[in-house]
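Enquirer: Before I ask anything, here is the structure I am working with.
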Amino acid sequence: MLDEECLRPGTVTDETFLEKLNQVCATHQHFESRMSKCSRFLNDTTLPHSCFRIQHYAGKVQYHVEGFVDKNNDLLYRDLSQAMWKASHSFIKSLFPEGNPAKINLKRPPTAGSQFKASVATLMKNLQTKNPNYIRCIKPNDKKAAYIFSEALVCHQVRYLGLLENVRVRRAGYAFRQAYEPCLERYKMLCKQTWPHWKGRSRNGVEILMNELEMPQEEYSYGRSKIFIRNPRTLFKLEDLRKQRLEDLATLIQKIYRGWKCRTRFLLMKKSQIVIAAWYRRYAQQKKYQQTKSAAIVVQSYTRGWKARKILRELKHQKRCEEAVTTISAFWHGTLARRELKRLKEEARRKHAVAVIWAYWLGLKVRREYRKFFRANAGKKIYEFTVQRIMQKYFLDLKKKLPSMSPIDKSWPARPYLFLDYTHTELKRIFHLWRCKKYRDQFSEQKKLIYEEKLEASELFKDQKSLYPESVGQPFQGDYLEISKNPKYQKLNGAIEEKIIVAVILNKINRANGKGAPRIFLLTKNNFILADQKSGQIKSTVTLSDVTSVSMSSQTDGFFAVHLKEGSASAAKGDFLFNSDRLIEIATKLYRTTLASTKQKINIEISDEFLVLFKQDKVCVKFIHGNQKNGSIPTCRRKNNRLLEVSVP
């Protein structure tokens, strides 16, 4: 009725809703209102005019109609639901399922009464699928305090909750009822015939169970699908028996488990004892065998020793007999040998005297000859010895006076003797080469590459280009713009796949008027690229294999021309003329990169006049000396169609 009143056209207020209730529910026995047609409530001062009273099962409840319509119409509009559904918090999002765009409903949002009615219907539907258990909660006092019991409040709750009538009904009929299957499942362990599994009908199993327990017939009754028990004491008795039986079963399980555990442990100990006994018997037999074997070996050794000593005594006696003959024979032969030796010594003494006399005579002759030879070669020997001593002293002094290991240190000890001039110079050269090698071995790969580039630049431009001396002290950095790190050139960096060797800003000379336009010059392994300085857009890409030569002047300017192969795709607009302060570095890296990529050297032409091909026209670039208005900055201007003049201060 509240939803109908809210949707009714015209003015809708709380008073119109109360009037409708008075019209519809005036004759209902549980509805009370002073505005209704029933005259018995007209003079009820306990009931205000803007209220109505409904008699519930627990008592009368008074309702005030003020705000009913507004609260019922307090709708949550669709845009607010959608906004809350988009929240990142999952709990807030779950509170507004109607805001999901996939479930948009164009109908009018439900009122508070409709939502409550739908919620109650859902609750009832859920309750009907369950087995309800009615629990009555009784408040002991209104103060919500412990240890306070209000007898009047408790009696009022017991009376209006219908507990007395419920108890009387339960006492008059069967207090407990349960289906056969759950009843049998719960109490089947009380009977040996139904435990542990019953294969017949559930009712037959329950009948056998009750007969086995000898329950009085008047305490229970069988229905079609349930068993009815009259007295709660019977149910309590069943629960006690079940509890006792469960304890017995638990004891039985514990007994079986403990028996199995003890039996398993006993078998394990028995098996371990057998293994230990087997190993001990083996050890005892091995020890006994070793002792027996040792005793046998000792007996054998004594026996063999006795036999060996006996044989040794016999052999010694036999040898002693043989040695007696040998000794007599030896003494006799010794006597003969001594006689012969004495004779030979006497003969040798005579021969030795002759040899000694002869040796003395030869020695005298040799000494006479050596005196003549020594007088002839004495000066040479003394000279060689003196030179050897001077060289030793020279090398020792040079070791003490060696200069530092720095390659730029040009100091060297003075020459002590004139005849060591060549040796002194050669040693200085060898020492310088050795310390240069030691100095080079300290360089890293990156530093070696820098010095190689500097050496290459020296070979190409030394004594030919006047700008070269200024570049000697400047290190070659290559990537001056840091393309990979600079966010301004992020798009340009993404368009280049190869490693960037040189990245610098230079001026590209216009073919029409000779003025320069800033461009980004990028050199990679296989190409050089020109891009716009502001936007980073690629203007030209030239393959290094199409580069034939590089031309420049011999003066201090930074102008250079890159000549391209005629007929190639890159040479459609002709050669390039650039101006940069880092001319030496760009030309050197372009020369080395082209050589590494194409295995061919590009020509470096240094001249104050050279030709540049612009489209189909050949233009002469001429360098002259002149007074500049801009100070020391070279200027370029187009004289005519065939001449481009560069003024260098």
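Enquirer: For the range 35-45, state whether one or more residues are in contact with a strand residue (DSSP E or B) (Cβ under 7 Å, 6 or more places away or on another chain), modelled with pLDDT under 80, closer than 27 Å to Glu4 by Cα and not polar (S, T, N, Q).
Expert: Quick first cut of the range 35-45, residues in contact with a strand residue (DSSP E or B) (Cβ under 7 Å, 6 or more places away or on another chain) only: 41.
Of the ones still in play, those that are also modelled with pLDDT under 80 are 41.
Those still in the list that are closer than 27 Å to Glu4 by Cα too: 41.
Filter once more, so that each one left must be not polar (S, T, N, Q): 41.
Yes, the conditions are met somewhere in the range 35-45.
Enquirer: So, of the residues in the range 46-76 that are closer than 21 Å to Gly113 by Cβ and assigned to a loop (DSSP other than H, G, I, E, B), which turns out to be modelled with the lowest pLDDT?
Expert: Result: Asp74.
Enquirer: Check the range 391-402 and report whether any residue there is under 30 Å from Arg435 (Cα atoms) and outside any helix (DSSP H, G or I).
Expert: Scanning the range 391-402 turns up at least one residue that is under 30 Å from Arg435 (Cα atoms) and outside any helix (DSSP H, G or I).
Enquirer: For the range 417-428, how many residues are modelled with pLDDT of 85 or more and either surrounded by 10 or more Cβ atoms within 10 Å (Cβ to Cβ) or β-branched (Val, Ile, Thr) (or both)?
Expert: Result for the range 417-428: 7.
Enquirer: Under 8 Å between Cβ atoms, at least 6 apart or on separate chains: pull out the pairs that start in the range 420-434 with a residue that is under 15 Å from Phe395 (Cβ atoms) and end on any residue that is in a helix (DSSP H, G or I) and not hydroxyl-bearing (Ser, Thr, Tyr).
Expert: Leu427/Leu398
Enquirer: Now a separate question. From Asp608, Asp581, Asp617, Asp575, grab the single residue that is among the acidic types (Asp, Glu) and in contact with a His (Cβ under 8 Å, 6 or more places away or on another chain).
Expert: Asp575
Enquirer: Does Arg368 fit the bill of being of a type outside the set (Asp, Glu), assigned to a helix (DSSP H, G or I), loosely packed, with under 10 Cβ neighbours inside 10 Å and without any contact (Cβ under 8 Å) to a residue 12 or more places away in the chain?
Expert: Here the answer is yes, as Arg368 does meet what is asked.
Enquirer: Now for a different question. Is at least one residue of the range 550-557 under 18 Å from Phe578 (Cβ atoms) and either in contact with a Gly (Cβ under 9 Å, 6 or more places away or on another chain) or modelled with pLDDT under 80 (or both)?
Expert: Within the range 550-557, one or more residues are under 18 Å from Phe578 (Cβ atoms) and either in contact with a Gly (Cβ under 9 Å, 6 or more places away or on another chain) or modelled with pLDDT under 80 (or both).
Enquirer: Need a quick list: helices (runs of 4 or more DSSP H) entirely within the range 435-544 having at least 1 residues that are surrounded by fewer than 18 Cβ atoms within 10 Å (Cβ to Cβ) and under 39 Å from the mean Cα position of the chain (by Cα).
Expert: 445-461, 490-495
Enquirer: Please pick out the residue among Ser580, Ser570 that is under 26 Å from Gly478 (Cα atoms) and at pLDDT below 85.
Expert: Unique residue meeting the criteria: Ser570.
Enquirer: Quick one: Ser545 ticks every box in (1) in contact (Cβ under 8 Å) with a residue 40 or more places away in the chain; (2) more than 21 Å from Asn527 (Cα to Cα) except a single one, so which number is it?
Expert: (2)
Enquirer: Residue by residue through the range 1-17, note down the ones that are exposed (fewer than 12 other Cβ atoms within 10 Å of the Cβ) and part of a helix (DSSP H, G or I).
Expert: Glu4, Leu7
Enquirer: Follow-up question, since we're still on this one. All but one of (1) crowded, with 16+ Cβ neighbours inside 10 Å; (2) in contact with a Pro (Cβ under 6 Å, 6 or more places away or on another chain) hold for Leu209; which doesn't?
Expert: Here Leu209 meets the rest and fails (2).
Enquirer: Separate question: Quick one: which residue in Ser444, Ser466, Ser471 is farther than 18 Å from Ile408 by Cβ, in contact with a helix residue (DSSP H, G or I) (Cβ under 7 Å, 6 or more places away or on another chain) and not aliphatic (A, V, I, L, M)?
Expert: Result of the check over Ser444, Ser466, Ser471: Ser471.
Enquirer: Those residues that are modelled with pLDDT under 85 and out of contact with any Lys or Arg (no Cβ under 7 Å at 6 or more places or on another chain), I need them from the range 513-528; list them, please.
Expert: Lys515 - this is the single residue of the range 513-528 that is modelled with pLDDT under 85 and out of contact with any Lys or Arg (no Cβ under 7 Å at 6 or more places or on another chain).
Enquirer: Regarding the range 77-97, can at least one residue be identified that is modelled with pLDDT under 85 and within 24 Å of Val12 (Cα to Cα)?
Expert: Within the range 77-97, one or more residues are modelled with pLDDT under 85 and within 24 Å of Val12 (Cα to Cα).
Enquirer: Of the conditions (1) more than 29 Å from Gly59 (Cα to Cα); (2) without any contact (Cβ under 8 Å) to a residue 24 or more places away in the chain, Leu246 fails just one. Which one is it?
Expert: (2)
Enquirer: Here is a further query. Which numbered condition trips up Ile509, out of (1) touching a helix residue (DSSP H, G or I) at 6+ places or on another chain (Cβ under 7 Å); (2) under 30 Å from Arg638 (Cβ atoms)?
Expert: Status for Ile509: all satisfied but (1).
Enquirer: Restricting to the range 194-214, name every residue that is in contact with a strand residue (DSSP E or B) (Cβ under 9 Å, 6 or more places away or on another chain) and farther than 16 Å from Tyr180 by Cα.
Expert: Of all residues in the range 194-214, those in contact with a strand residue (DSSP E or B) (Cβ under 9 Å, 6 or more places away or on another chain) come to 202-203, 206-207, 210.
Correct list: empty.
Enquirer: Continuing with the same structure: Is at least one residue of the range 564-573 charged (D, E, K, R), under 29 Å from Ser466 (Cα atoms) and in contact with a helix residue (DSSP H, G or I) (Cβ under 7 Å, 6 or more places away or on another chain)?
Expert: Scanning the range 564-573 turns up at least one residue that is charged (D, E, K, R), under 29 Å from Ser466 (Cα atoms) and in contact with a helix residue (DSSP H, G or I) (Cβ under 7 Å, 6 or more places away or on another chain).
Enquirer: Only one residue in Glu498, Glu445, Glu426 is among the charged types (D, E, K, R), under 30 Å from Lys601 (Cα atoms) and not assigned by TED's automatic domain parsing to the domain that holds Glu585, so which one is that?
Expert: Glu445
Enquirer: Oh, and also: Does any residue in the range 515-529 that is assigned by TED's automatic domain parsing to the domain that holds Ala596 come within less than 7 Å, Cβ to Cβ, of a residue that is in a loop (DSSP other than H, G, I, E, B) and loosely packed, with under 13 Cβ neighbours inside 10 Å six or more places away or on a different chain, and which pairs are these?
Expert: Thr524/Glu498; Thr524/Lys499; Lys525/Glu498; Lys525/Lys499; Asn526/Glu498
Enquirer: Determine which member of the set Tyr257, Tyr280, Tyr180, Tyr222 is without any contact (Cβ under 8 Å) to a residue 24 or more places away in the chain, among the hydroxyl-bearing types (Ser, Thr, Tyr) and within 25 Å of Val167 (Cα to Cα).
Expert: On the way: Tyr257 fails: within 25 Å of Val167 (Cα to Cα); Tyr280 fails: within 25 Å of Val167 (Cα to Cα); Tyr180 fails: without any contact (Cβ under 8 Å) to a residue 24 or more places away in the chain.
Being without any contact (Cβ under 8 Å) to a residue 24 or more places away in the chain, among the hydroxyl-bearing types (Ser, Thr, Tyr) and within 25 Å of Val167 (Cα to Cα) holds for just one of Tyr257, Tyr280, Tyr180, Tyr222, which is Tyr222.
Condition check ((1) closer than 30 Å to Arg429 by Cβ; (2) exposed (fewer than 10 other Cβ atoms within 10 Å of the Cβ); (3) in contact with a strand residue (DSSP E or B) (Cβ under 9 Å, 6 or more places away or on another chain)) across all residues:
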| position | (1), (2), (3) |
| --- | --- |
| Val325 | no, yes, no |
| His333 | no, no, no |
| Asp397 | yes, no, no |
| Met405 | yes, no, no |
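The values are calculated or read from the model by the stated rules, or taken from the named source; none is laboratory data. Since the model is a prediction, treat every value here as computed from it, not as a measurement. Virtual Cβ from ideal backbone geometry, glycine too; neighbours counted across all protein chains shown.
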